[in-house]
Amino acid sequence: MITASTDVKPDIHIIQSVGTAMECSDKGIIVSTRDGVFCTRRAVSCLVEPMAGDTVLITGDPDNQLFVIAVLQRADTSSIRISVEGDLTVGVSKGRFSVAAGHGIDLVSAGEMTMISSELTVNASKGNIFFDQLFYLGRFFDAVLERISHKVKRSYRIVEEIDQVRSNVIDYRAAKNMSLRGQNTLVTAKDLVKIDSDQIHLG
């Protein structure tokens, strides 16, 4: 049913109607109603992006511009897209902002992604992180793990002050050469120091 508003100027005919979206593209949304087929545009307030087959609510001036202001019904609700043109900011002045999903959450950006917080907590039973390049800058880094494994092609580490390792067993193996260099080198053992080689050079 089409209704006309009486709170506007007499030369402007505002209608409101329910119809079916027949075609959706960047050029517009073709909506079929009982009163005819109209070319409309999605209103800014209609965040859900219409799809062909949706039942939508349109309003506006047929001689000027009609807008889809709401998606009322969709046969298959398994996929709903909320889209806007330009930047989108969601602000919560008080309270918390939560995003929950039953199967998964994907955050995808073709550009930069920034996270800023006074505290960050991540809990997961399994994690995978892939970086082409990774730079870390911080004051403290503490890790409490049961096991950690690294497999790299090259590894470089620079420690300006103290590098200390405490372990029950330490095993260093090199396929070719191993060098220990320092202004002073001390090797101390409580029970035994063993040097085994085909050749031993001292001095």
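The values are calculated or read from the model by the stated rules, or taken from the named source; none is laboratory data. Only a predicted model underlies this, so the values are computations on that prediction, with no experimental measurement involved. Note that we place each Cβ from the backbone using ideal geometry, even for glycine, and neighbour counts take in every protein chain shown. We work out accessible area using only protein heavy atoms, side chains counted, and drop any ligands, DNA or RNA first. Shrake-Rupley method; radii C 1.70, N 1.55, O 1.52, S 1.80 Å.
Based on the Stokes-Einstein relation at 25 °C and a viscosity of 0.890 mPa s, and on the Kirkwood radius from alpha carbon pairs, the chain is assigned a translational diffusion coefficient of 96 µm²/s. Quick note on segment 118-160: its Rg to Rh ratio, both from C-alpha atoms and Rh being the Kirkwood radius, is 0.95. Reported value for segment 37-93: 119 Å³ per residue, from the convex hull of its C-alpha atoms.
Here segment 12-148 has 52 percent of its accessible surface on carbon and sulfur atoms, given a 1.4 Å probe and all protein chains in place. About its Cα centre, the chain has a charge dipole of approximately 1000 debye under the convention of +1 per Lys or Arg Cβ and -1 per Asp or Glu Cβ, with nothing else charged. 3J(HN,Hα) couplings calculated from phi for segment 141-150 with the Karplus curve 6.51 cos²θ - 1.76 cosθ + 1.60 (θ = phi - 60°) are, in sequence order, 9, 10, 9, 10, 9, 7, 8, 9, 10, 10 Hz; Gly and Pro show x. The residues of the chain have, on average, 102 Å² of accessible surface per residue, using a 1.4 Å probe with all protein chains present.
Altogether, the Stokes-Einstein calculation at 10 °C and 1.306 mPa s, with the Kirkwood radius of segment 85-131 over Cα pairs as Rh, returns a diffusion coefficient of 110 µm²/s. Among LYS126/LYS176; LYS153/LYS190; LYS126/LYS151, which pairs are too far apart, with a Cα-Cα distance over 25 Å? Result: LYS126/LYS176; LYS153/LYS190 exceed 25 Å.
With the gyration tensor restricted to C-alpha atoms of segment 19-127, the semi-axes of the equivalent ellipsoid amount to 36, 17, 13 Å, longest first.
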